[in-house]
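Starting off with a structure, shown below.
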Number of protein chains: 4
Amino acid sequence: MTRKLIVELVGTFFLVLTIGQVVIDPGAGTLAPLAIGGVLMAMIFAGGHISGAHYNPAVTLAVFLRRRATAAELGGYWGAQIVGAALATAVVRSLKNVAAVTPLDPPTGAAFLAEFLFTFALVYVVLNVATARGNEGNSHYGLAIAFTVVAGAYAVGGISGGAFNPAVAIGLVLLGIVPGGSLWIYLAANLLAGAAAALLFNALDLGDDKPTSATAEEQRGLRPPGEPA
Amino acid sequence: MTRKLIVELVGTFFLVLTIGQVVIDPGAGTLAPLAIGGVLMAMIFAGGHISGAHYNPAVTLAVFLRRRATAAELGGYWGAQIVGAALATAVVRSLKNVAAVTPLDPPTGAAFLAEFLFTFALVYVVLNVATARGNEGNSHYGLAIAFTVVAGAYAVGGISGGAFNPAVAIGLVLLGIVPGGSLWIYLAANLLAGAAAALLFNALDLGDDKPTSATAEEQRGLRPPGEPA
Amino acid sequence: MTRKLIVELVGTFFLVLTIGQVVIDPGAGTLAPLAIGGVLMAMIFAGGHISGAHYNPAVTLAVFLRRRATAAELGGYWGAQIVGAALATAVVRSLKNVAAVTPLDPPTGAAFLAEFLFTFALVYVVLNVATARGNEGNSHYGLAIAFTVVAGAYAVGGISGGAFNPAVAIGLVLLGIVPGGSLWIYLAANLLAGAAAALLFNALDLGDDKPTSATAEEQRGLRPPGEPA
Amino acid sequence: MTRKLIVELVGTFFLVLTIGQVVIDPGAGTLAPLAIGGVLMAMIFAGGHISGAHYNPAVTLAVFLRRRATAAELGGYWGAQIVGAALATAVVRSLKNVAAVTPLDPPTGAAFLAEFLFTFALVYVVLNVATARGNEGNSHYGLAIAFTVVAGAYAVGGISGGAFNPAVAIGLVLLGIVPGGSLWIYLAANLLAGAAAALLFNALDLGDDKPTSATAEEQRGLRPPGEPA
């Protein structure tokens, strides 16, 4: 458990460190989402074999609801992720002029919708690429997860800032990018979206946990239904 | 079948949602194709093990002609893809000022040629990376498919908008980006290109369905022809 | 053999089509290399299981020198690649105002050096990721090859245009991007670089053809030298 | 050993060649990190099966501390990496007007922190994706490593230039991009970060060398703890 929590802390630290550095002026401009997706991909591929590489309380909630994490892990991961995010904002404060940041003023309804939809997409992708039997042993899970965040950042970053992650949202508040009074929008939208994606995933048995489903190769069209391997 | 259709609906929904958000002002500018390719890659890796992850009626037509989908699946997938695209345009309407969109005026001949060629490339890539025996179990299929769309968007996006997908074209019409009177260009070019790619794929047996062909390793040059594994 | 040649023709066609479309005004600007690398990656992953996915006479020469292609394949592939490139330039002529292209004036010495170095890198990467025993069955070969071209285009595109491929160079001449009088620079530099990379690869046995070498896992550091699997 | 050193020399040569070409005016502008990450990814996938593809003295130090390289390899790799970097700067001098470069003036404390943090991230990612049992046989290690560098370049490139690699730092000094008097910052920060990442990796047994740990599939959540494969 200790090493899982350290891996979650390290990954969330570098995610929020990169976000702060590339978003606050002078940052990476229009390429900021690529830098954010890049470090997320790297940390997912690095830490997946130890902790599952969540780095996101909404993902941990969904993995718990999908019965691949215990209640103790849910609490521990949330703590490690928030500590990692907070430590990262301290480093950003030492490297950037955080006092000069102009905070976003996210419109409540639109920001909630934007955060809900792309967090749903993110968690739906995570559960499918990292916990479904039909995708065991793949080398693409980090790419798929990271590029969901890249796409979401370009699609709705202008509305909500594009957190899709309560730990990131807390980091954005600590850096003055999101006003504290708007934090509840992110916490609610992200956690609800994570739960909704997990419930859909479980209801449709997208993890293929039930033994009667067709083989993954049949489903991907690599083999006509019913033909032996 | 139900879960396949929901996976097709979800994937096409997020594809068209991202397209609308990054194309309509203020959008992602010159990086819009990367966001579109990113969400397509993510949804392909997420849904491939359930539905094959088509998200495109031209792909479903080709998979049907390649005898890896039934006629019932062809109809169901088309319906789910169009419903997903239409739902996405409703969300975009709530987040963007769609009334201010200046529609494209695609030149018929050039737009037909552009859509035909890159949809052909797209379907040719899909059939090879996702349904050929020589590529079973790979982790790159989503990358290959998504970057065909990225390349096509940069190459001919200025001519046709770069749909390469009838469900996307319907979404572009619903958002006022493409005039309704031009929709037939996309439907015809995309479906003809999908059929043409499938017929070439079948005629050349690129799926290696016939047992007499050389092994994939010989063909990739990993082993001299005829040498045992 | 027929289907190998058609796959080479199709891949080189879409590579040169994309190059012409994104380089000639209005093109993809600073993102042109990403579009070119994207379509190359897609065509490599699509065609690798059939033809080896060379799409480049310098690569075919190197694969021949590495004894993974016959002399008949060398000639056939070169023909298919050049025909594919020429057909693509005809399509670009119908979609772009080729008459308005301002040709490059590549400086002989610097262009030769630039083309030699990055074609060497390209062929060195191809031979290692696609023909070495230590890399059998990987899902990254198209990524590695494509990003060598992306990097080379950014690194020396301002000097030589960044062909690294005689078929592409012929396409650039047919489109008026490179003057015909400079074609020899590309043909000589690219083919010499391909031969040099193959000779180095063979001399060092980078393909691990000799049975006495250590295992790939030992070499990658996954296992201490000499420890059993 | 000879071929390992040549592979290290070739990889570091092309890495530093690309850096010099895309950073010195006229370079690749805001896309320079993508070109640098691209060539690093390509060289890692190409050379990993021979030398482990370090191309970075801080990585070699960490692999030595993780007991996957001998002391002789440590010395040899460092020499090959520095020679490769120096040769690359000679080529850049022949292609670019190096005399016109305006050197960075990295602030000591901030540059040290920036170089330490992202070199730590880089080495942490390398050790996990390329030397841990839970990641054996993956096809993503080059992607993960390269995108750590891409993210770091966008995040702190404005502070330190973004070397994360003593051989690159030496190359930057030889090209006049970093003043010689600042070289010690890079050497110290990079090597200390490499050692720190290796010590953390060893202390937590992230390589899963001890036989009692849970299986990788359990850890990634692909299987409930204790359930048989």
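What single numbered condition from (1) in contact (Cβ under 8 Å) with a residue 60 or more places away in the chain; (2) outside any helix (DSSP H, G or I) fails to hold for residue C:83?
(2)
Within the range A:14-29, is even one residue facing chain D (nearest Cβ under 7 Å), outside any helix (DSSP H, G or I) and open to solvent by less than 20 Å² (accessible area, probe 1.4 Å)?
yes
Could you check, for the range B:60-71, whether at least one of its residues is in a helix (DSSP H, G or I), away from chain C (no Cβ under 14 Å), more than 20 Å from residue C:7 (Cβ to Cβ) and among the small types (Gly, Ala, Ser)?
Within the range B:60-71, one or more residues are in a helix (DSSP H, G or I), away from chain C (no Cβ under 14 Å), more than 20 Å from residue C:7 (Cβ to Cβ) and among the small types (Gly, Ala, Ser).
Right, something else. Within the range D:93-107, can one find any residue that is outside any loop (DSSP other than H, G, I, E, B) and farther than 26 Å from residue D:79 by Cα?
Yes, the range D:93-107 contains a residue that is outside any loop (DSSP other than H, G, I, E, B) and farther than 26 Å from residue D:79 by Cα.
I'd like the full set of residues that are free of Cβ contacts under 8 Å to residues at least 40 places away in the same chain, at the interface with another protein chain (Cβ under 10 Å from one of its Cβ atoms) and under 26 Å from residue B:110 (Cα atoms), limited to the range C:86-130.
Residue satisfying the conditions is C:94 alone.
Against the definition (over 14 Å from residue A:12 (Cα atoms) and either of a type outside the set (Lys, Arg) or touching a strand residue (DSSP E or B) at 6+ places or on another chain (Cβ under 7 Å) (or both)), how does residue A:86 come out, yes or no?
Taking the combined requirement at face value, the residue does not satisfy it.
Right, next: Scan B:167, B:130, B:153, B:90 and give me the residue that is under 19 Å from residue B:66 (Cβ atoms) and part of a helix (DSSP H, G or I).
B:130
Ok, one more. Condition first: among the polar types (S, T, N, Q), buried (at least 17 other Cβ atoms within 10 Å of the Cβ) and within 14 Å of chain C (Cβ to nearest Cβ). Can you find one or more residues in the range B:76-85 that meet it?
no
Conditions (1) without any contact (Cβ under 8 Å) to a residue 24 or more places away in the chain; (2) closer than 28 Å to residue D:32 by Cα; (3) open to solvent by 20 Å² or more (accessible area, probe 1.4 Å); (4) polar (S, T, N, Q), marked per residue:
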site: C:139; (1), (2), (3), (4): yes, yes, no, yes
site: C:159; (1), (2), (3), (4): no, yes, yes, no
site: C:168; (1), (2), (3), (4): no, yes, no, no
site: C:178; (1), (2), (3), (4): no, yes, no, no
site: C:181; (1), (2), (3), (4): yes, no, yes, no
site: C:188; (1), (2), (3), (4): no, no, yes, no
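Pairs needed: first member in the range A:27-43, touching a residue at least 24 places away in the same chain (Cβ under 8 Å); second member anywhere, buried (at least 24 other Cβ atoms within 10 Å of the Cβ) and among the polar types (S, T, N, Q); C-beta distance under 6 Å; at least 6 residues apart or different chains.
A:36/A:18; A:39/A:18; A:42/D:148
The values are calculated or read from the model by the stated rules, or taken from the named source; none is laboratory data. Quick caveat, the model's predicted, so the values are computed rather than measured. Neighbour counts run over all protein chains shown; Cβ positions are idealised from the backbone, glycine included. Keep in mind that these areas ignore ligands, DNA and RNA; they rest on the heavy atoms of the full protein, side chains included. Shrake-Rupley method; radii C 1.70, N 1.55, O 1.52, S 1.80 Å.
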